[in-house]
Every structure is written in structure tokens, then in C-alpha cells.
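> Before we start, here is the structure in question, set down as C-alpha cells.
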């Protein structure tokens, strides 16, 4: 019996995978934006995602808007419930509004990812072509997500560290939050020094000219 060809199995698998992925992304976003030492809770995310996957494949409303609203609400309630009310900050380190905002964003992105992966698949046993199409869609979505994270995270860390002093980075290397009260001159001092002292603007102009001429030639 090819259980992997059944829609129920596929929905549970897609929900569990996307639940874990967005749980990791949400926790990492909180850590790098606040500097707080948060723990990753994948167990509640797996259970919430799998349950949301079942909900997505079993609940088919004539109104797409109503289905998505119910799905986001269900995803948020499931994440909150399986984590016993503390999906990202069990030690209550962060302000409550940050945890709630992260929950809303994770519930929305998680639900739409699950719904996109499942598509119009039915709970019953699928034809081989339909099953393979579903798994290709799931792998493509996860691969795209990994590619975005691989590109975005180093770029974000690079930009944030350039806006902080060495003293603050040594004090808490995970804290990438910025303090706008220090003023733009202090925040962008590394860029100001780069352009004024090392003539980085000249390098950019020369590189642009060489690139354009290379394309034209």
C-alpha cells in the first residue's frame, strides 16, 4: 500500500515541515532582532503544522477568503495551544506584544505555505501524477525558502553589524538591534569612513563604467 500517495498523508507531512520551518524562522528573527536567548521549540510546531495540514485538506469552503481566515486563526490557536501559551518565549524575556506579533506572522505565513503546497489535492488516494506533482511543489517551496534564508540572513547580519560598535558586539554578539537615539552620524560612521577615507565611491564608479562597457562591447 503506497501510503505516500494519499492526500491525508501528504497534508500532514506538508503541515509538519512548514510548521517547523516557520518556527525556526520566527525564533531566529526574534533572536537576531532582540538579542534575547530564546529556545527553539520544534515539537509544538510539528503538531500544530500537522493539524493545520489536516484542516487545510478537509475544510473546503466555497469562499477562499473565509477559508484563509479560518486557516490563519486555526494555525495561530494550534501553535499557541500546543506550546502551552508560550510558543517563542517560555521564560517571558520579551515584551508580550513581540511574542503576539511573531505568532500572528508565523500563523499567517505557515498557513499560506501549507495551503499552497496542498493546493486542490483531495484526502483520498491520488493518482501517481498528482502525488508526484504535490511532492515536487512541496520540495520546490522548501528549496526556495532555504535559498532565500541563505541569501537574506548573511546580508542582514552584515548590515546590522556594520551599524553597531565593536564594544556592543563584544557585549552581546547575538544582539543585532540598533539604537536610533545615537544619531545617524554614529550609526553610519563605518560607511562615512569608507567613502571619505578610502574613496569607495570612486571604486563604485570605476566598477560601473567597466561593467557597462563590458556589456556594450
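> Of all residues in the stretch 179-200, how many are within 34 Å of the chain's Cα centre (by Cα) and in a helix (DSSP H, G or I)?
Summing the residues that are within 34 Å of the chain's Cα centre (by Cα) and in a helix (DSSP H, G or I) in the stretch 179-200 gives 15.
> Among the residues of the stretch 123-160, how many are over 30 Å from residue 33 (Cα atoms) and either surrounded by 14 or more Cβ atoms within 10 Å (Cβ to Cβ) or in contact with a strand residue (DSSP E or B) (Cβ under 8 Å, 6 or more places away or on another chain) (or both)? Please lay out each step first, then the result.
Going residue by residue through the stretch 123-160, those that are over 30 Å from residue 33 (Cα atoms) are 123-137.
Filter once more, so that each one left must be either surrounded by 14 or more Cβ atoms within 10 Å (Cβ to Cβ) or in contact with a strand residue (DSSP E or B) (Cβ under 8 Å, 6 or more places away or on another chain) (or both): 123-126, 130-131, 133-135, 137.
Residues in the stretch 123-160 being over 30 Å from residue 33 (Cα atoms) and either surrounded by 14 or more Cβ atoms within 10 Å (Cβ to Cβ) or in contact with a strand residue (DSSP E or B) (Cβ under 8 Å, 6 or more places away or on another chain) (or both): 10 in total.
> With respect to residue 190, is the statement that it is in contact with a helix residue (DSSP H, G or I) (Cβ under 6 Å, 6 or more places away or on another chain) and over 28 Å from residue 21 (Cβ atoms) true?
For residue 190, the condition - in contact with a helix residue (DSSP H, G or I) (Cβ under 6 Å, 6 or more places away or on another chain) and over 28 Å from residue 21 (Cβ atoms) - is met.
> For the stretch 127-177, name all the residues that are modelled with pLDDT of 75 or more and not in a helix (DSSP H, G or I).
Initially, the stretch 127-177 is screened for residues modelled with pLDDT of 75 or more, giving 127-164.
Those that are modelled with pLDDT of 75 or more and not in a helix (DSSP H, G or I): 127, 163, 164.
The values are calculated or read from the model by the stated rules, or taken from the named source; none is laboratory data. Owing to the predicted nature of the structure, the values given are computational and were not obtained by experimental measurement. We place every Cβ from the backbone using ideal geometry, glycine too, and count neighbours over all the protein chains shown.
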